Amino acid sequence: MIRPYYAVIADSFHAALSSRILWIAFVAIWIFLAALAPIGYHEDYTTTFRWFDLDNGTQMKAMLARGLVDPKESETALGRIAKTFPDDIKRKLRQVAEGEDVRIDKDALADSLNDSMDDESWYDAEAWRSTVRLRELRELDELADDKITQPERRRRARLRIEAALPGVFTAQSARSITLSYAGFDFPAFFLIGKEQFVSLINQFVVPIMMDWLLGFALIFLGILVTASIIPDMLQPGSLHLLLSKPISRTMLLLSKFIGGCAFIFLCVCQLVIGLWLIAGFRLDIWNPRVLWCIPVAVFLFAVFFSVSLLAGLRWRSPILSIGVTCMFGAFVLVIGFIGGYFDGLVRGPDRIARLAFDSTDIVIATRGGELKYFDESSNAWEDVIEADFRQRDLIVPPIRIAEDKIATAKIRNGRFNLYGSGSLDLLVLDGTDNWSPHPGLRLPNGTRRLFNINGMLVALNNAGLMATTVSKAVSESGVDEVGKFGSAGDGPTRDRLNEDGAGDNEGVDEADENKTLAVEKIGVTAWISDLIRMQGGETEEFRSILPAGVTLTEPLRAAVAGDTGSLVLYSRGRLMRLELPKTDGASMETSAVPAVIAADLLMEDTTAARTTLAASDRSVLLSRAESPVKWLDSTDLATLVEFPTPGDQSIVSAVGLGDSDRFAILTTDGQVHIASRDGDDVTVRLLDQTEVTAIEYDAPNRCLAIAHHIDSIDWVKIDDGGAEDLMVTRTIRPSVSSWRSVDRYLITPLRTMTPQTGELSQTVAALISGESSFVIGGGSSEEQEVIQLKIARPVISCSLFIVVMLTLACISFARHDY
C-alpha cells in the first residue's frame with residue numbers, strides 16, 4: 001500500500017532533476033562555493049589603531065591638549081605621546097586648550113598614533129613607571145630587544161600608548177583575526193579574537209545567510225520549479241492514470257507535496273555541506289550544528305510551497321501559483337517589517353532599564369533614554385524627561401539622595417559618546433512637584449553612575465571618583481527642604497529641559513562667556529583647569545576621592561556594599577573595597593579627603609571581558625565572561641565559593657539583597673534567580689517572572705523590584721526565613737499608550753496569525769550557537785542589549801500554517817472532480 005506513494009515521491013524527484021532551472025541552480029552553487037573556497041584567515045597581534053578604537057574623542061583631545069600645554073606633563077607619558085603628533089594636529093590641540101571648539105578627525109588621530117609606533121623614541125621607562133601596565137605589557141617589557149619580534153614590538157608600543165591615555169580606547173582582544181583571499185589579506189580586519197569571530201559567524205552571518213541566500217534566492221527558484229507540479233498532475237490524462245491506482249486523493253496530494261520539496265532539499269544540501277566544509281578546512285570552524293540549516297530551509301520552503309499547492313489546485317495555472325505565492329511572500333515580509341518597526345521604536349524604547357524608589361513612589365529610566373514616574377491616579381507612566389530618538393541621549397541611572405529627591409543626569413548623545421556634547425548638569429527630581437527635574441551642580445564629564453554614601457553624592461566615570469555632599473547637591477538645584485524653589489525667580493520647566501536636553505540656560509551661557517574671558521586673562525593655568533574638567537576631572541564642587549596611585553581602566557564596575565558605607569570597585573582585573581570619608585553635611589573642601597583602600601585583590605586581567613558586580617552588607621558577587629561566578633567576603637575580598645552561571649546563561653545584572661547575604665541575578669533569558677550560600681554550597685532559586693528587563697533592591701521596603709514585560713513591575717518580599725519570603729507584595733500593570741495599544745490589539749494579532757518565516761533565522765542561530773540569547777555591549781559600558789532568540793514561536797506558527805493550508809488543499813482536492 002505504501003509503494004505507490006513512494007513512486008509518486010520518486011517521480012517528483014525525477015521531475016525536479018529534469019528541470020533546467022535545477023541544473024542552473026546547481027551550477028550557480030558550485031561556482032559560488034568555488035569562489036568562496038580560497039578564503040582564509042590568520043591571527044595577529046592587535047596593533048593598528050582604527051578610528052573606532054577611540055572610544056572617547058572628547059577625553060582624548062583634552063588629555064593630549066593638556067600634555068602639550070601643561071609644563072608638569074612635559075616629561076610624563078602623556079606629554080611624550082602628545083609631542084609625537086604632526087604640527088597641524090598640535091595646532092588644533094592648542095586651540096582646544098584655549099577653550100575653542102575644534103573638531104579633530106578620529107582617523108587623523110589614529111593614523112598619527114600608528115606612525116608613532118615605528119619610532120619609539122618617545123618611550124621612557126621612568127615616565128611609564130607611574131602608568132597602569134597590564135600583565136601583557138609587563139611581560140613584553142621583560143623581553144630583550146634582540147628576542148622580541150616585530151609584531152610583538154608593535155603590540156608593546158600600542159599597549160604603552162594605551163597606558164599613557166587611560167580610558168580613551170575601547171578594550172580589544174590581544175589577538176585579532178585577519179581574513180585573506182587566495183593568500184592576499186583583506187584591507188580591513190576584525191579586531192576580535194577567534195572565539196568572538198566564531199560567535200559572529202554563528203549568531204549573525206549564518207542567520208543573514210538563512211534570510212537571503214536560503215530564505216529568498218533558493219526558495220524563489222524552488223517555487224519557479226515546483227509551481228507546475230500540481231497543474232501538471234491535474235491534467236486529465238495524468239490525474240486519471242494516478243487515480244486508477246489504489247491510492248487516496250489525500251495521500252496522493254501529500255506525496256506530491258513531499259516530492260515537491262525535493263528541489264530545495266537537493267540544492268540546500270549541496271550549499272550547506274559545501275559551506276560547512278569550507279568553514280572547517282579554511283577557517284577551522286568545525287561546527288556540525290550548521291547542518292541544521294538543511295531541515296530548517298526545507299521547512300521554510302514548505303510554508304511557501306503549501307500556498308503554491310493550494311493556488312495550483314484552485315486555478316490550475318503555474319503562473320498564477322507563482323504570482324499568488326509571491327504576493328503571500330510580500331505580505332509576510334511587510335508584516336514582519338512592521339512588527340520589527342514596532343519592536344524597535346514602540347516596544348523597545350519603553351522597556352525599563354533602571355529603577356529608583358522613594359517610599360511608594362518610583363522613577364524609571366527606559367531603554368529609549370526617557371525618565372518617567374508612575375502616577376497611580378491614572379495608572380500610567382508620566383514623562384519626566386522625554387526622549388529624542390535623533391539625539392540618542394543617555395540617562396545616568398537615577399538614585400534617591402533624600403526624601404522626595406532623586407538625582408540623575410542626561411548625557412546628550414551619550415549612547416555614541418559617554419562624554420556626550422555640552423556640559424553635564426546634575427538633575428534633582430522633586431517628588432513634591434511631580435518629580436520635575438531641576439538642574440544643579442555641574443557633574444564631571446562622562447559620569448556613568450551616581451552613589452549616595454555617607455551623606456556624599458559620589459560620581460564615577462572612567463577618569464576617577466569624585467564626590468560632593470548631598471546637601472550641597474540639593475541646595476544648588478534651587479529646591480529647598482520643602483521642595484519649592486529657593487529663589488524668587490522661576491525655575492526651569494520640564495518642557496524647557498526637554499527642549500535643550502541638559503538643562504542649560506542663559507545663566508550657564510553667560511558663565512561660559514565669563515570663563516572664556518577669564519581664560520584669556522589668566523592664561524595657561526586656566527586652560528589646564530578646563531582641560532582637566534573636559535577629560536572628566538574635578539569640577540567646582542565635585543572633588544576627587546580616588547586613592548593615590550589608583551588608575552581606572554575598562555571594564556569598570558562599582559557597587560555599594562549595603563549599609564556599610566563602602567564602595568566596591570572593579571577595574572580590569574583589580575577588585576577593591578574603598579572606605580569613603582564621612583561628611584557632616586558641609587561642602588567638600590578644596591582638597592577632599594581620599595577614600596581608603598580597605599581591601600585589594602588582583603586577579604588575572606581579562607581584556608574586554610563583560611563584567612557584572614554586585615555587593616551586599618556581607619558579600620560581593622563578581623561575574624566575568626567565560627569564568628565562574630565568584631562569591632567573595634566583602635570585608636577582605638577573599639573568595640568564599642565559585643559556581644557556574646544559572647542555566648548556563650550570561651549574567652546581565654545582579655543586586656545584593658541587603659543584609660540577607662543573598663543576591664538576585666538577572667540572566668540573558670529574561671529570568672531572575674535568587675542565589676543563597678550555605679558554606680561551600682550555593683543554592684539558586686528561579687522566580688516566576690519572565691521577560692525581565694531590570695531588577696533593583698528596594699531597601700526601605702525590603703523588596704526586590706522586578707521590571708518585566710516592557711513596563712510592568714513586581715515587588716518580591718525579601719524576608720530571609722520569614723513566611724512572606726519571595727512572595728509578590730505589590731504590582732504595577734500600567735495602561736498602555738496609543739501606539740502600544742495599536743501594537744497590542746492590531747500588530748500582535750496580525751503577527752500571530754501570519755507565519756513568522758523571517759524569525760526562522762533566529763531559530764537557526766539558536767541551533768547553531770547552542771544559545772537561546774546573547775548580549776551586545778557590556779565591555780566598556782554597563783549598557784547591554786540582550787538579544788533573546790525566538791526559537792519555538794516561528795516553528796509553531798509556520799507549522800500551524802502548513803497544516804491549515806494542506807488541510808484546505810486536501811479538502812478541496814477530495815471534493816472537486818477534476
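What does the extension gain come out to for Ser199 and Ala330, with contour length at 0.36 nm per residue minus their alpha carbon separation?
Numbers: separation 131, 0.36 × 131 = 47.16 nm, distance 3.12 nm.
Gain on stretching Ser199 to Ala330: 44.0 nm.
What does the charge count near Asp284 come to, summing +1 for each Lys or Arg and -1 for each Asp or Glu among other residues with Cβ under 11 Å from its Cβ?
Details: positive: Lys194, Arg282; negative: Glu43.
Net charge around Asp284: +1.
What fraction, in whole percent, of alpha-carbon pairs in the range 255-333 exceed 16 Å separation? List each step's numbers first, then the result.
Values: 1821 of 3081 pairs.
Roughly 59 percent, rounded to a whole number.
From Cα pairs below 8 angstrom and at least 6 apart in sequence, can you work out the relative contact order of the range 660-712, rounded to a whole percent? Write down the numbers at each step before the final one.
On the way: 90 pairs, mean separation 13.8, N = 53.
Dividing the mean separation by the residue count of the range 660-712 yields 26 percent.
Show which aspartates and glutamates lie in cross-link reach of Lys256 when reach means a straight Cα distance below 12 angstrom and same-chain residues fewer than eight apart are skipped.
Cα-Cα hits under 12 Å: Asp11, Asp232.
Compute the relative contact order of the range 366-478 as a whole-number percentage, counting only Cα pairs closer than 8 Å that sit 6 or more residues apart in sequence. Don't skip to the end; give the middle numbers.
Numbers: 238 pairs, mean separation 20.4, N = 113.
Relative contact order here is 18 percent.
At q = 0.10 Å⁻¹, what log₁₀ I(q)/I(0) does a Debye calculation on the Cα points of the chain give, no solvent, two decimals?
At q = 0.10 Å⁻¹ the computed log10 ratios are -1.15.
Taking R0 as 56 Å, what's the FRET efficiency between Ile24 and Trp739 from their Cβ-Cβ distance, rounded to 0.05? Working shown, then result.
Numbers: r = 47 Å, r/R0 = 0.83.
It comes out at approximately 0.75.
Peptides 675-682, 712-719, 622-629: what's the order by average Cβ count within 10 Å, highest mean first? Don't skip to the end; give the middle numbers.
Working: 675-682: 13.5, 712-719: 20.1, 622-629: 18.4.
Averaged packing, sorted descending, gives the order 712-719, 622-629, 675-682.
Taking a cut-off of 19 Å between Cα atoms, list the aspartates and glutamates near Lys790, but don't count ones fewer than 8 places away on the same chain.
Lys790 reaches Asp211, Asp343, Asp648, Asp669, Glu691, Asp743, Glu759, Glu771.
Any idea of the accessible area per residue across the chain, 1.4 Å probe, to the nearest Å²?
Details: 36820 Å² over 818 residues.
Per residue, the chain has 45 Å² of solvent-accessible surface.
Taking Cα atoms, how many degrees apart are the long axis of helix 3-17 and the longest axis of the chain, rounded to 10 and kept between 0 and 90?
70
Could you work out the helix-only [θ] at 222 nm for the chain, with each DSSP H run of four or more residues adding -39,500 (n - 2.57) and the total divided by the number of residues, to the nearest 500 deg cm²/dmol? Write out the running numbers ahead of the final one.
Working: 26 runs with 301 residues, N = 818.
Computed mean residue ellipticity for the chain: -11500 deg cm²/dmol.
May I ask you to order 120-130, 218-228, 334-344, 249-259 by the average number of other C-beta atoms within 10 Å around their residues, highest value first? List each step's numbers first, then the result.
On the way: 120-130: 13.1, 218-228: 22.5, 334-344: 14.7, 249-259: 19.5.
The peptides rank, most packed first, as 218-228, 249-259, 334-344, 120-130.
Using the Kirkwood radius built from alpha carbon pairs, what does the Stokes-Einstein equation give as D for the range 620-676 at 10 °C and 1.306 mPa s, in µm² per second?
Values: Rh = 11.6 Å.
The calculation lands on 137 µm²/s.
What nm distance separates the two modelled labels at Asp101 and Ala182, each placed 7 Å from Cα along Cα→Cβ?
5.1
What is the gain in length, in nm to one decimal, between Glu691 and Ile258 on full extension, counting 0.36 nm per residue of separation less the C-alpha to C-alpha distance?
Working: separation 433, 0.36 × 433 = 155.88 nm, distance 3.80 nm.
Answer, rounded to one decimal: 152.1 nm.
Checking the table Lys405/Lys582; Lys61/Lys410; Lys92/Lys147; Lys372/Lys472; Lys372/Lys717 against a 28 Å threshold on Cα-Cα, which pairs fail? Provide the component values of the computation, followed by the final result.
Working: Lys405/Lys582 20 Å; Lys61/Lys410 22 Å; Lys92/Lys147 39 Å; Lys372/Lys472 25 Å; Lys372/Lys717 24 Å.
Over 28 Å Cα-Cα: Lys92/Lys147.
Quick one: what are the phi-derived ³J(HN,Hα) couplings along the range 558-567, Karplus 6.51/-1.76/1.60 with θ = phi - 60°, whole Hz, x for glycine and proline?
8, 8, 7, 7, x, 9, 7, x, 10, 10
Rank by packing, highest mean first: peptides 462-473, 100-111, with packing defined as the count of other Cβ atoms within 10 Å averaged across residues. Before the final figure, lay out the partial values.
Details: 462-473: 23.3, 100-111: 14.3.
Descending mean neighbour count gives 462-473, 100-111.
Using the Kirkwood radius over Cα pairs, work out the Stokes-Einstein diffusion coefficient for the range 633-768 at 10 °C and 1.306 mPa s, in µm²/s as a whole number. Display every interim value, and only then the final one.
Details: Rh = 17.4 Å.
Stokes-Einstein gives a translational diffusion coefficient of 91 µm²/s.
Using 1/(1 + (r/R0)^6) with R0 = 41 angstrom and r between the beta carbons of Leu320 and Leu345, what's the FRET efficiency to the nearest 0.05? Could the numbers behind the result be given before it?
Numbers: r = 37 Å, r/R0 = 0.91.
Result of the calculation: an efficiency of 0.65.
Relative contact order of the range 263-406: what whole-number percent is it, with Cα pairs under 8 angstrom and at least 6 residues apart?
On the way: 148 pairs, mean separation 18.1, N = 144.
Rounded, it is 13 percent for the range 263-406.
Let me see the P(r) profile for the range 243-387: every Cα-Cα distance counted, bins of 10 Å, each bin given as a percent of all pairs.
9, 20, 18, 17, 16, 14, 4, 1, 0
Compute the acute angle (0 to 90°) between the alpha-carbon long axis of helix 524-534 and the principal axis of greatest extent of the alpha-carbon atoms of the chain; round to the nearest 10°.
Helix 524-534 sits at roughly 40 degrees to that axis.
Taking all protein chains as present, what is the carbon and sulfur share of the accessible area of the chain, in % to the nearest whole number, probe 1.4 Å?
It is 55 percent, rounded to a whole number.
The values are calculated or read from the model by the stated rules, or taken from the named source; none is laboratory data. This structure is a prediction, so every number in the text was calculated from the model and none was measured. Here the Cβ is made from the backbone with ideal geometry for all residues, glycine too, and neighbour counts use every protein chain on show. In case anyone asks, the SASA skips ligands and DNA or RNA and just uses the protein heavy atoms, side chains included. Shrake-Rupley method; radii C 1.70, N 1.55, O 1.52, S 1.80 Å.
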